[in-house]
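The values are calculated or read from the model by the stated rules, or taken from the named source; none is laboratory data. The structure displayed is predicted, hence computed values, not measured ones. Glycine gets a Cβ as well: all are built from the backbone with ideal geometry, and neighbour counts include every protein chain shown.
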Amino acid sequence: MPQWDAVQYLKFEDQRTRPARDLLAQVPVETPSRIVDLGCGPGNSTELLVRRFPDAQVIGVDNSSDMIAKARQRLPDVQFVEGDIGALSGAAGGAWRDEGPFDVIYANAALQWVPDHDTLLPGLVELLAPGGALAIQMPDNLAQPSHNLMREVAGAGQWSSRLAGVERLRLAAVGEYYDMLIPHLERVDIWHTIYQHPLDGVDAIVEWVKGTGLMPYIEPLDVSERALYLTEYTEKLAEFYPERSDGKVLLAFPRIFIVGRR
């Protein structure tokens with residue numbers, strides 16, 4: 001698991017928070033009492049939950065001490081817990097589970113880092129109160145040039161042996177997610193959205209992915225290797241992200257949304 005850097009992540013806070021807002025808009029629970037924000041990061045998604053549901057108890061969970069520290073600074077009156085969102089029990093970092101049942105389990109751009117969705121997702125449903133909602137958003141961008149080129153550069157350089165096998169978990173197919181969840185939920189809605197983010201050139205794309213998907217590739221490298229990797233990666237990006245008429249580039253970013261009610 002990458003060592004998250006909240007400052008790097010928040011360089012694109014507006015763009016990263018947009019799908020969190022879109023996910024929250026589809027949560028079908030009007031007056032929840034207890035909410036958990038899984039993979040809360042620096043608290044930007046948690047803040048949305050607090051604003052929409054001011055009377056609810058909201059708990060944020062993340063495995064990064066840096067993210068939790070930033071979240072606590074941002075929302076000092078909210079409970080944040082450093083823990084493992086993939087833990088299957090209250091032990092080993094999963095103590096947050098003991099705070100349930102929850103009326104809303106919300107996971108924005110987090111579960112793509114957690115394995116075994118066929119076990120994880122039904123397990124999360126079990127933590128829902130009757131009538132509660134599970135709301136998930138995950139990047140579905142591994143086939144995009146931004147990510148294909150990460151793997152291409154990793155496999156071609158002097159670091160290839162050390163980066164062999166580095167990969168984010170691949171998501172299941174839409175139908176598989178439906179089949180995982182529909183036996184446990186009254187209704188399951190799944191959809192894709194492709195965001196087109198105007199950014200200030202390919203250097204901005206690099207800065208974006210340095211806060212997420214690129215981290216497992218560059219963390220194992222020393223300073224000089226990291227600089228060389230990023231130079232090669234940036235040069236290749238320019239072939240796939242041409243400047244538009246205003247000098248910007250468009251970063252296509254597909255995301256999958258899943259909302260179900262128990």
>> Being surrounded by fewer than 17 Cβ atoms within 10 Å (Cβ to Cβ) and under 20 Å from the mean Cα position of the chain (by Cα) is the requirement here; does residue 170 meet it?
In response: yes
> Restricting attention to the stretch 205-241, which residues are under 30 Å from residue 23 (Cα atoms) and without any contact (Cβ under 8 Å) to a residue 60 or more places away in the chain?
Replying inline: 205, 206
> Out of all the residues in the stretch 37-55, which are of a type outside the set (Asp, Glu), more than 13 Å from residue 107 (Cα to Cα) and outside any helix (DSSP H, G or I)?
Replying inline: 42, 53, 54
> Which residue out of 86, 100 is buried (at least 17 other Cβ atoms within 10 Å of the Cβ), without any contact (Cβ under 8 Å) to a residue 60 or more places away in the chain and within 23 Å of residue 133 (Cα to Cα)?
Replying inline: 86
> Is at least one residue of the stretch 196-217 surrounded by 15 or more Cβ atoms within 10 Å (Cβ to Cβ), touching a helix residue (DSSP H, G or I) at 6+ places or on another chain (Cβ under 7 Å), aromatic (Phe, Trp, Tyr) and not in a helix (DSSP H, G or I)?
Replying inline: no
> Just checking, which of 26, 73 is among the polar types (S, T, N, Q), in contact with a Phe, Trp or Tyr (Cβ under 9 Å, 6 or more places away or on another chain) and not in a strand (DSSP E or B)?
Replying inline: 26
>> Out of the residues in the stretch 173-195 meeting the condition of being touching a helix residue (DSSP H, G or I) at 6+ places or on another chain (Cβ under 6 Å) and either part of a strand (DSSP E or B) or of a type in the set (Val, Ile, Thr) (or both), tell me which one is surrounded by the fewest Cβ atoms within 10 Å (Cβ to Cβ).
In response: 190
>> Exactly one condition in (1) within 17 Å of the chain's Cα centre (by Cα); (2) within 13 Å of residue 105 (Cβ to Cβ) is false for residue 84; which is it?
In response: (2)
> Tell me, which residue of the stretch 14-29 that is more than 13 Å from the chain's Cα centre (by Cα) and at pLDDT below 95 is farthest from residue 95 (Cα to Cα)?
Replying inline: 14
> Can you tell me which residues in the stretch 231-262 are surrounded by fewer than 19 Cβ atoms within 10 Å (Cβ to Cβ), among the hydrophobic types (A, V, I, L, M, F, W, C) and more than 17 Å from residue 194 (Cβ to Cβ)?
Replying inline: 238
>> Looking only at the stretch 68-102, count every residue that is modelled with pLDDT under 90 and of a type outside the set (Gly, Ala, Ser) and tell me the total.
In response: 1
> Across the stretch 26-44, which residue is farthest from residue 114 (Cα to Cα) among those that are surrounded by fewer than 22 Cβ atoms within 10 Å (Cβ to Cβ) and either charged (D, E, K, R) or without any contact (Cβ under 8 Å) to a residue 24 or more places away in the chain (or both)?
Replying inline: 30
